[in-house]
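Taken together, the values in this text are just the output of simple stated rules run on the coordinates, not laboratory data. The shown structure was predicted, so the numbers you read here are calculated from the model rather than taken from an experiment. Heads up, the Cβs are rebuilt from the backbone with ideal geometry, glycines too, and the neighbour counts pull from every protein chain shown.
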Amino acid sequence: ELGYFTYDPGYLSTASCSSGVTFIDGDEGTLLYRGYPIEQLAEQSTYLEVCYLLLNGELPSSDELHQFSRIIKEHSMLHEAVRGFYDGFRHDAHPMAIMVGVVGALSAFYHDATDVHNPEHRKISAHRLISKMPTIAAWSYKYANGQPFMYPKNRLSYTENFLAMMFGVPTGTYEPNPTFVRALDLILILHADHEQNASTSTVRLSGSSEANPFAAISAGIASLWGPLHGGANEKVVIMLEEIVHSGKKVEEFVARAKDKNDPFRLMGFGHRVYKNYDPRAKIIREMCHKLLAEMGGENEPLFEVALKLEKIATEDEYFIERKLYPNVDFYSGIILRAMGIPLNMFTVIFALARTVGWISHWNEMMQDPESRIGRPRQLYTGYKERNYVSIENR
Ligand code: SDX
């Protein structure tokens, strides 16, 4: 069952590494986590179980899952001095800026296990990162809103804990809405890993110098922040709101996206690898329908515009020719917005979800005895050798 894919030399020449974590067939629209189809994991698994699968390569037994869940709960607190980091940021700091800084700084607190060649150290760092990301993310939301930080509660599940730390307050008794918990858990599953995307390649390249895992993950968070990558979910909602508030027809925006002289692009459309429908977009589209129906928001203007945009774009020659289909970011923002999660937390949630993918790839690379520092080469396009000219003669 292992490694049963064969590649043509053209593809091989572009491959940056070999990996057994995730498989994508962009033409078929296939996505496998350790061999399991994303559709089956979305339907039957939980994010924490998917974390175990990506990290260890196999689905856990019930005892293994219970043990893993206990360990992740154990590490969910942050060193109390980390709280002080937040006070150093402006209140209007983007939560992604806070996340880059705080995660990078964790190596100053958890230096008892940073021998990257020690499997036990790698395991502890992986557990610490997976378990602390919800706390770091929720605290960046609390800080931006001037609210007291909430601590994780062991009686809650991983996803319930994140929502409770986001929306709970000391004076209240917040109980996460089960529909929101399921919707968010699904979003986390769908964003957990995606082969050698820009941020995962960033983690692998920075980790290949034997930098500590917290620094490597911080680099991945910074790369994910870009609007062409993880920042797209935030931009999709901004685009949909622009269309709704413009009072103009959706067709006008589609025409702009096709106009070479207009920098406007349809955010949430297109993909570096998928030249077929992103399988995650299909799954998340159904969840969007279900959640909005349950909340009575089916006529939510943003969702209506999204469906209209999707229909027009997927029937339009320009998009069909270029194989531009809706990607996972196209619907995730609508769900997060419906759950009351603010726009500037969308990419933070993507980073939270992707941490397990990043650290699984990092671990796979570091456990390979043949692993060497990454050193991409270039095509030089500069001057041929020439002699120095003194300033008087310039
Ligand atoms: C993610 O890599 C991953 O796996 C990423 C990700 C993950 O899980 O890690 O899947 C997550 O990043 C999803 C993508 C989110 N980004 C967006 O939705 C931003 C909008 N999409 C685009 O900017 C673009 O489609 C990219 C960046 C996603 C892909 O860029 P490509 O493959 O380099 O495409 P391209 O720029 O070469 O475009 C090819 C053509 C161009 O037209 P022509 O020059 O051929 O005439 O398609 C056009 C582009 O102008 N085009 C678009 C378009 N995307 C590409 N035209 C309008 N709207 C768009 N969204």
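Things worth noting here:
- Taking N as the residue count of the range 83-196, its C-alpha radius of gyration divided by 2.2 N^0.38 Å amounts to 1.16.
- Rg over Rh [alpha-carbon atoms, Kirkwood Rh] for the chain: 0.99
- Trypsin sites (Lys or Arg not before Pro) restricted to DSSP loop in the range 212-267 with at most 13 other C-beta within 10 Å: Lys248, Lys249, Lys260
- The value of relative contact order for the chain, using C-alpha pairs under 8 Å at least six residues apart, is 22 percent.
- The chain, helix-only ellipticity at 222 nm - DSSP H runs n ≥ 4, -39,500 (n - 2.57), divided by all residues, nearest 500: -17000 deg cm²/dmol
- Ratio of Rg to Rh over the range 70-131 (Cα coordinates, Kirkwood Rh, two decimals): 1.02
- Within straight-line cross-link reach of Lys308, aspartates and glutamates at Cα separation under 15 Å, skipping those fewer than 8 residues along the same chain: Glu241, Glu242, Glu251, Glu252, Glu298, Glu300, Asp316
- Summed residue charge, Cβ within 11 Å of Met365's Cβ, Lys/Arg positive, Asp/Glu negative: -1
- Cα convex hull volume per residue for the range 8-63 (Å³): 93 Å³
- Equivalent ellipsoid dimensions for the range 294-372 as semi-axes, Å, which come from the Cα gyration tensor, largest first: 34, 21, 8
- For the chain, modelled as a GNM whose springs connect Cα atoms under 10 angstrom apart, the maximal fluctuation among Asp329, Asp193, Asp115 occurs at Asp115.
- When Rg and Dmax are taken over the Cα atoms of the range 128-274, they come to 18.9, 55 Å.
- Counting Cα-Cα pairs of the range 194-237 in 5 Å increments starting at 0 gives whole-percent bin shares of 6, 27, 26, 20, 12, 6, 3, 1.
- Pairs beyond 24 Å (Cα-Cα), from Lys290/Lys311; Lys132/Lys235; Lys248/Lys290; Lys258/Lys311; Lys275/Lys311; Lys153/Lys235: Lys132/Lys235; Lys248/Lys290; Lys153/Lys235
- Translational D in µm²/s for the range 235-371 (Stokes-Einstein at 37 °C, 0.692 mPa s, Kirkwood Rh from C-alpha pairs): 200 µm²/s
- Contact order, relative form, for the range 233-303: 34 percent (alpha carbon pairs under 8 Å, 6 or more residues apart, mean separation divided by residue count).
- Between Glu120 and Glu392, the simple spin-label model (points 7 angstrom out along Cα→Cβ) gives 7.0 nm.
- The mean of 1/r over all pairs of different alpha-carbon atoms in the range 194-279, once inverted, gives a Kirkwood hydrodynamic radius of 15.1 Å.
- Virtual spin-label span in nm between His289 and Arg90, 7 Å along Cα→Cβ: 4.4 nm
- Thr171/Met77 FRET efficiency (R0 25 Å; Cβ-Cβ; nearest 0.05): 0.70
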